[in-house]
1. Give the residues of segment 1-23 that are aromatic (Phe, Trp, Tyr) and surrounded by 13 or more Cβ atoms within 10 Å (Cβ to Cβ), sorted by residue number.
2. Can you find a residue in segment 21-33 that is of a type in the set (D, E, K, R), in contact with a helix residue (DSSP H, G or I) (Cβ under 7 Å, 6 or more places away or on another chain) and modelled with pLDDT under 90?
3. Can you tell me which residue in segment 25-71 is surrounded by the most Cβ atoms within 10 Å (Cβ to Cβ), limited to those that are acidic (Asp, Glu) and outside any helix (DSSP H, G or I)?
Amino acid sequence: MGLGLGIFLIVLGLIFVSGVINYDISFIEDTTLGWILLAAGILSIALGFLMTHQRTRTTHVEERRVDHDRI
């Protein structure tokens with residue numbers, strides 16, 4: 001989910017930063033919104049890779065106890 005969302009946010013942010021779409025929002029400028037979306041996309045991809053790396057590095061230990069007194 002992190003990779004796809006990150007790519008979507010980066011593309012949307014670059015569209016707003018480059019001025020391809022001029023959307024009139026009263027409380028924020030288009031370029032500011034674009035930079036925010038771009039930063040959120042980069043952060044989403046970085047966190048997605050970090051979480052995946054932690055998942056692959058995790059080891060599981062299985063402990064088995066054998067009762068030798070039972071014969």
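The values are calculated or read from the model by the stated rules, or taken from the named source; none is laboratory data. Just so it is clear, the model here is predicted, and its values are computed rather than measured. Every residue, glycine as well, gets a Cβ built from its backbone with ideal geometry; the counts of neighbours run over all protein chains shown.
1. PHE8, PHE16
2. yes
3. Top of the filtered list is GLU29.
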